[in-house]
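Taken together, the values in this text are just the output of simple stated rules run on the coordinates, not laboratory data. Here the structure is a predicted model, which means the values were calculated and not measured. Methodologically, a virtual Cβ is constructed for each residue, glycine included, from the backbone with ideal geometry; neighbour enumeration extends over all protein chains shown.
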């Protein structure tokens, strides 16, 4: 009887809760994948049925205009990379030229497939691709696999051939790989060379961390305060871009040296979806546990008699 009551309670509650849970899960995964406003997750959790319906009507339905169905820039880039990669695979079946291999490697890197991208870019190098075309994406593919030391020679070759390549992007990548590979002296030289021409927040925070480790606290404090103060006057969209490094600067001032994960990591979108799905799964397990407790308690209440027989008082005679 206990099992039947428990199963009946679970099924009865499940009919009312499965659909809202699925809708909420769909909203959380879609928001994490497309990087839309995170306030929609709060709306979906507070209003289990109305919130998800409102989200898909406002953000995904063409009834509210073209702007409402526009996806984020990263999502649009990934979709374009998938389409272009299918075209490149057909072309590479006939001729594996260096330009096609580099373009395929960049598309694979954008999709988070770092190993396949590395294979294509190394083949492009063997086919005679120029360092300006292949070295930077190859170094990024290696860095995505945490092989920073292997990426350094490619970036050094690129820096010698093309100084200030892509407005300092290659120099910053070289400084980052040197810092992550455990070469602080060389990383400091590269970071100072970058900051002579550009004011990347990442370069300032990394240089401040090196200064803190070597006891130059005054210079580190000045760099960190510059990062925090410069971010206050930026437009809103630029504040979102610089926010991770501003938070890292505040953490460094408090003595914590953990740096943020780069937002340009190709695997960032996939990890956001994994974290969001895991959070929803844990929430579902907690709700199921609560439902089981509620069902078991209600079953015990139903089995309790409404008017239990009272025991006779002491000295009282029971009727025959």
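Quick look at the numbers
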quantity	calculated
Peptides ranked, highest mean first, by Cβ atoms within 10 Å: ranges 190-203, 233-246, 33-46	190-203, 33-46, 233-246
Where labels lie 7 Å past Cα in the beta-carbon direction, separation of residue 258 and residue 18 in nm	3.9 nm
Estimated FRET transfer efficiency when R0 is 35 angstrom, pair residue 49-residue 238 (beta carbons, to 0.05)	0.40
Segment 72-129 - convex hull of alpha carbons, volume per residue in Å³	61 Å³
FRET efficiency for residue 38 and residue 185, using Cβ-Cβ distance with R0 set to 35 Å, rounded to 0.05	0.30
Simple spin-label estimate for residue 282 and residue 26 in nanometres, 7 Å along Cα-Cβ	2.5 nm
Nearest-0.05 FRET efficiency for residue 198 and residue 221, computed from C-beta distance (R0 22 Å)	0.55
In range of the label at residue 214: residues from segment 152-190 whose backbone nitrogen is under 11 Å from the point 7 Å along Cα→Cβ	184-190
Label-point separation in nm, residue 146 to residue 160, each point 7 Å along Cα→Cβ	3.0 nm
Contour excess over end-to-end distance, with Cα ends at residue 96 and residue 230 and 0.36 nm allotted per residue	43.6 nm
